[in-house]
Amino acid sequence: MAWNEPGGGNGSWNRGGRQQPDLEDVVRDTLKKLFGGLGGGGKRSYRGTLIWALAIIIGLWSLFGLYRVDEAERAVVLRFGEHARTTGAGLRWHVPWPIESVEKINVAEVNNFSQKTRMLTADENIVEVDLVVQYQRTQPEDFLFNVRVAEETLGDVSESAIREIIGKNQMDYILGEGRSDIAQRTEDLIQQTLDDYGAGIGVTQVNLRDANYPQQVEAAVQDAIKAREDKERLAFEAEAYANDVVPRARGEAARRIQDAEAYKAEVIANAEGEAQRFEKLLAEYQKAPEVTRDRLYIEALEELYGDSSKVLMDAEGSGNLLYLPLDQLIRRGAGSEQSPTASTDGSSRVTERDEARRRRGGPGS
């Protein structure tokens, strides 16, 4: 006997003389209990119940499509994984899973990305750089679709940018006054690269938190720093010396120029005066040549012997040649209070009698 035939038997579905209920009857009884037997009995009642059940299930499924977007967020709606639309703040609805899904991106939050690495400078020195990049997700669609992992892309771009900037500058500039400039140039290069990639990331600020030399080369770098400080000190001293010497040199140059101008004016004036005197002398010479010639000869002798020492001797008496130490007489006459009688032209007058007295060792010698 079949398991669904009525009657007794030892079938597994008819134990104890009772028939097992049909599956369709079980579903119908359950729906009647849930919905109170809506729609009467029979097949029409069963179809109506299924419609109501499906409507309720669809309604409950639709509720899963409600979502809320905050002010700082943007919601990217994906339909079967493809971008459908982007919604702003407020209560929104989308077709629930598996048709549509929602990715919320916070566009106002400022995120930090830190990176510390070693690199070579333009003068082939090793420097450790600690870089902090602050960024925002400005374009939700580009952030989700244009790059696979946006944060990793940002890390690679940041490292490449800082290596390029550091590699173009020397270590003294990096450790000294160039930190702010390097940070700004790095920020511009990172943003330019991200825009080329279409990563949907906006860099707000790049901070060069630390830039220093490795500890392994600390002693050598300290010597280099000391040498740089000595260089700056000597430069200041040289500048101070230049500020002292240059004005004095300029003043001396100006004084010499003035002296040269004065000498030039003097020479020109003397030359003009000599020319005028010669013209006047020529006129007088043309009038009386002999007199003018004698006068010129006498003036020449006066000019020649005017500054020389002269000794006048009285040659009366003996005609023998007298030996006179004239140089000693002149020095003695200049240093002694009882000097010989001076002539009107400043020369010493020594007589033969005074010389004889000197030889005998008498008074006045």
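Here are some notes:
- Neighbour net charge for Asp210 - beta-carbon separation under 14 angstrom, K R +1, D E -1: +2
- Per-residue HN-Hα couplings for region 164-169 [Karplus 6.51, -1.76, 1.60; θ = phi - 60°; Hz; x = Gly/Pro]: 5, 5, 5, x, 9, 10
- Under Karplus coefficients 6.51, -1.76 and 1.60, residue-wise ³J(HN,Hα) of region 187-198 in Hz, glycine/proline x: 4, 5, 5, 4, 5, 5, 5, 5, 5, 5, 6, x
- Phi angles across region 109-116 convert, under the Karplus curve 6.51 cos²θ - 1.76 cosθ + 1.60 with θ = phi - 60°, into 3J(HN,Hα) values of 6, 9, 9, 10, 10, 10, 8, 10 Hz, Gly and Pro given as x.
- Exposure proxy ranking, count of Cβ atoms within 10 Å, fewest first, for Ile105, Ile201: Ile105, Ile201
- Ordering of 215-226, 68-79, 185-196 by packing [mean C-beta count within 10 Å, highest first]: 185-196, 68-79, 215-226
- Inter-probe distance in nm under a simple model that places probes 7 Å from Cα toward Cβ, at Lys104 and Arg209: 2.9
- Each other residue within a Cβ distance under 14 Å of Leu78 adds +1 if Lys or Arg and -1 if Asp or Glu, for a net charge of +1.
- Viscosity 1.567 mPa s, temperature 4 °C, Stokes-Einstein D of region 129-189 from Kirkwood C-alpha radius, µm²/s: 100
- Amide H contacts of Gln170: Ala122, each under 5 Å away and 5 or more positions distant or on a separate chain (H built 1.01 Å from N in the peptide plane; Pro and chain starts excluded).
- Close amide H partners of Gln205, meaning residues 5 or more places away or on another chain with modelled amide H under 5 Å apart, are Gln134.
- For Ala84, residues with placed amide H under 5 Å, excluding near neighbours: Val77, Leu78, Arg79
Bear in mind these aren't lab numbers, they're just calculated from the coordinates by the rules spelled out. Quantities reported herein were computed from a predicted structural model and do not represent experimental measurements. Counting neighbours? That spans all protein chains shown, and the Cβs are built from the backbone with ideal geometry, glycine included.
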